[in-house]
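Participant: If you scroll down you'll find the structure; I have some questions about it.
Any read-out appearing in this document is the output of simple, stated calculations on the displayed coordinates, not a laboratory observation. Source: prediction; values computed, not measured. Neighbour counts run over all protein chains shown; Cβ positions are idealised from the backbone, glycine included.
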């Protein structure tokens, strides 16, 4: 087969660390540095690239393990080109300049080493039995997010409400809360079985995807199958 027929799929020239190869694949140029990426998102790489699982520290591990929320990351370091993707989702690249943003952990693909992360409880979610946690990113660098479909950016200067799994990310000055409202469509968030919506208010924005996210079947950390305790939590990783 002539390569002429394949030229449309040729690698794109890098533009900094993060470059979109196409709408669903991110090309990461590593030149002796490192980035953090979602565990399992690597589809190919060229050169000398090394991978290491990043638990994020004991405190962040327990937040994730005990709530079922959070994000599993890997560190990619070395010299070469790394290609990342997630389920053919649309990829967006955002720039942070000494800023903070909150992201639904399911929608994180990768971020620069100059950005710190932690898992925080959503304001007002304490009364929910399952809790509601998302990932806070802060610092300077680039962040790659995924969206299940073409997202829409909403201005939160007026009260805004969304399904918690449809909200991809929101800016640092936005205040969130929890609202139950059975007079409208019932939203079931994160498989908790509890009906609620997330509220967003304040100067800033929230990015919404046209999907309620990936469905995760309910599971138990109990004694089924001889497991349980800390051992079963570790086994989930």
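Participant: Could you sort 97-106, 161-170 so that the peptide with the highest average Cβ count within 10 Å comes first and the rest follow in order? Before the final figure, lay out the partial values.
Facilitator: Working: 97-106: 17.1, 161-170: 22.9.
Result, highest mean Cβ count within 10 Å first: 161-170, 97-106.
Participant: Could you compute the FRET efficiency for residue 44 and residue 180, with r as their C-beta to C-beta distance and R0 at 30 Å, rounded to 0.05? Before the final figure, lay out the partial values.
Facilitator: Values: r = 45 Å, r/R0 = 1.50.
After rounding to 0.05, the efficiency reads 0.10.
Participant: If you don't mind, there's one more thing I want to ask. What nm value, rounded to one decimal, do you get for the distance between residue 72 and residue 23 when each label is placed 7 Å out toward the C-beta?
Facilitator: Going from the residue 72 label point to the residue 23 one covers 2.9 nm.
Participant: Oh, and also: By how many nm would the segment from residue 53 to residue 5 grow when fully extended, if each residue of separation counts as 0.36 nm and the alpha-carbon distance is taken off?
Facilitator: Fully extending the segment from residue 53 to residue 5 adds 13.4 nm.
Participant: Work out how much length residue 201 to residue 118 would gain on full extension: take 0.36 nm times their residue separation and subtract the Cα-Cα distance, in nm to one decimal.
Facilitator: Numbers: separation 83, 0.36 × 83 = 29.88 nm, distance 2.18 nm.
Here the segment from residue 201 to residue 118 would lengthen by 27.7 nm.
Participant: Compute the length gained on full extension between residue 140 and residue 90: take 0.36 nm times their separation in residues and subtract their Cα-Cα distance, giving the result in nm to one decimal.
Facilitator: Details: separation 50, 0.36 × 50 = 18.00 nm, distance 2.30 nm.
Difference between extended and current length: 15.7 nm.
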